[in-house]
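Some notes on the structure that comes next.
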Amino acid sequence: MARSLNQVILMGNLTRDPELRQTPSGQSVTSFSLALNRSYKDSSGEWQEATDYVDIVAWGPLAERISQYLSKGRRCLVQGRLQSHSWEQDGQKRSKVEVLAADVTFLDSRSTEADTNTVSESTNQKEQVETVKKTKKSTDKLVEEIGDEPINLDDIPF
């Protein structure tokens, strides 16, 4: 029998905060939903906007990271595979297709991360200013040792 390919890559915004749960065996599982926006031309040639909603499930350490770092409205890229479930509810057969995430890339930074980046940027700027001051002092000392004599360009070997 020929093998099939079941691979999905989606990029969208979370429609709700991820829900982290534990199985009875202690395995972490997170579920969330992505809103996928798209544009298309209708029969009259006008552009229309549409949104599709896809349920995502992640397991293990990935589920814990998603629950910790993602929240409603954040953008992410999900790579995984489709899986389907079917069950009977109130005498009717039901089914659902969802994405089992293998990898999730966070595309937005959290506000606390932005604050941290701002702090580290200002720290880096202070360090750069100190480095420039030290370099200037050592350059001034070198100029004093060399003297203020003009440089003859013919004396430079290159």
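Summary of computed values
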{"quantity": "Length added when fully stretched, Asp52-Leu77, from 0.36 nm per residue minus Cα-Cα", "calculated": "7.5 nm"}
{"quantity": "Packing-based ranking, highest mean first, of 84-94, 51-61, 26-36 given that Cβ atoms within 10 Å are counted", "calculated": "26-36, 51-61, 84-94"}
{"quantity": "Net charge over other residues, Cβ less than 9 angstrom from the Cβ of Ser67 (K, R count +1; D, E count -1)", "calculated": "-2"}
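Where a number appears in this text, it was derived from the coordinates with a stated rule and is not lab data. Keep in mind that this is a model prediction, so the values were computed, not measured. As a convention, Cβ positions derive from the backbone with ideal geometry for all residues, glycine included, and neighbour counts pool all protein chains shown.
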